[in-house]
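The values are calculated or read from the model by the stated rules, or taken from the named source; none is laboratory data. Note that the coordinates shown come from a computational prediction; the quantities given were computed from them, not determined experimentally. Cβ placement follows ideal geometry from the backbone for every residue including glycine, while neighbour counts extend to all protein chains displayed. Ligands, DNA and RNA are stripped out before the accessible areas are found, and what is left, the full protein with its side chains, is counted by its heavy atoms. Shrake-Rupley method; radii C 1.70, N 1.55, O 1.52, S 1.80 Å.
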Amino acid sequence: MLLLVLFIGIAGAQESSEVLLPGQVRLLDLQANQPIFLTFEGQAGQVVNLTFRSLEAEGEIDTVLEIRDRSGDGDRNGDRRLAYNDNHRTGRDDLYASDSAITGVRLPAHGRYTVRLDSYGSIGVGRVEVLLEVVDLFETMVQEGENGDLMVSGVLPRWQVFRYTVEAEDGALLTITARDRSGTLDPYLRLFDANGRLIASNDDHGTGSVTLDVLDAQIQNFEVAVSDEYSLALSDLLGRAGRFEVAISRSES
């Protein structure tokens, strides 16, 4: 679960008892030269949207929004800028032009992230609203069949990588099949162990199966050496968008 913990102040801010859950609106009072700091614990691969808006008449406060990643090396106290926005330019009619929004940000690692809320020039004063959402870019649907077999379907946006965690027992044989369901994809499958090491991959299946298109991908009868969680990654070879279907089946060796 993603928790947002509120910090207010510039330096030496103390942790507030307030906790914001995704989808829960938080109302705040913004002061001049006093940006509001927030932190949240995120998981690698999560995708988040963050909206920061003025509640004053006619969008009187020109909001500014920033997310910083504290999980790696950076230029300030070990953190680095992950995303920034001043005027959202999203076309949303529920926001003033001067409101800010960060959308579709994929978190690179497990750990703590910092959010900085301010106004342009740090001169705005008044009531503001912030909303954090965890989103699924892939519109994922999962169906479970016999023997723990899975059928995972969804939408692959341009230049995105779909990731899914698979639990498997020692000695099991995994067959993972990725199908293009839109006529636009050249699926590329990769399988990683719990340490992030690539252990299997496939582009075009080359099996001669009449149930697969030429460009569909399949990792066939991969023997699991250690009972653990494994991560599969699906992308398009040329970064194109489309609908996909991934079948995951298990058998005994």
ask   = Accessible area, 1.4 Å probe, largest first: how do Leu150, Leu137 sort?
value = Leu137, Leu150
Solvent-accessible ranking of Ile199, Ile102, largest area first, probe 1.4 Å = Ile199, Ile102
ask   = If you take the alpha carbon radius of gyration of the chain and divide it by 2.2 N^0.38 Å, what ratio comes out, to two decimals?
value = 1.23
task = Report Phe222's accessible area, 1.4 Å probe, all protein chains in place, as a number in Å² to the nearest 10.
result = 50
request  = First check a/c for segment 85-136, with a ≥ b ≥ c the square roots of the eigenvalues of its C-alpha gyration tensor; if it is under 1.5, answer rounded, and if not, answer prolate when a/b is larger than b/c or oblate otherwise.
outcome  = oblate
task = On the full set of protein chains, 1.4 Å probe, figure out the accessible area of Ser235 and give it in Å² to the nearest 10.
result = 10
ask   = To the nearest 10 Å², what's His88's accessible area with a 1.4 Å probe?
value = 20
request  = Using the Cα centre as the reference, give the magnitude of the dipole from point charges on the C-beta atoms of segment 70-212 (Lys, Arg: +1; Asp, Glu: -1; all else neutral), rounded to the nearest 20 debye.
outcome  = 700
key: segment 135-243, dipole about Cα centre (Lys/Arg Cβ +1, Asp/Glu Cβ -1), debye to the nearest 20   = 540
request  = Would you work out which of Ser201, Thr90, Gly23 lies farthest towards the positive end of the dipole of the chain, given +1 charges on the beta-carbon of Lys and Arg and -1 on that of Asp and Glu, about the Cα centre?
outcome  = Thr90
key: Cα Rg, Dmax, segment 157-232, angstrom units   = 13.0, 36
remark   = Taking protein heavy atoms only, a 1.4 Å probe, and rounding to whole percent, the accessible area of the chain owed to carbon and sulfur comes out at 46
key: Heavy-atom accessible area per residue - segment 24-104, 1.4 Å, Å²   = 51
query = Which is the longest stretch in the chain that no exposed loop site breaks, taking sites as trypsin sites (Lys or Arg not before Pro) with a DSSP loop state and at most 10 other Cβ atoms within 10 Å?
reply = 1-157
query = How many times 2.2 N^0.38 Å is the alpha carbon radius of gyration of segment 65-171?
reply = 1.47
query = Once you list every other residue whose beta carbon is under 15 Å from the beta carbon of Asp186, what net charge do they have if Lys and Arg are +1 and Asp and Glu are -1?
reply = -1
key: Residue (of Leu137, Gly183, Ile248) at the positive-pole extreme of the chain, dipole from beta-carbon charges   = Leu137
inquiry  = Multiplying the sequence separation of Asp204 and Arg80 by 0.36 nm and subtracting their Cα-Cα distance, what value in nm do you get?
reply    = 40.8 nm
Point-charge dipole on Cβ atoms (K/R +1, D/E -1) for the chain, about Cα centre, debye to 20 = 640
query = Can you put Val161, Val224 in order of accessible area, largest first, using a 1.4 Å probe?
reply = Val161, Val224
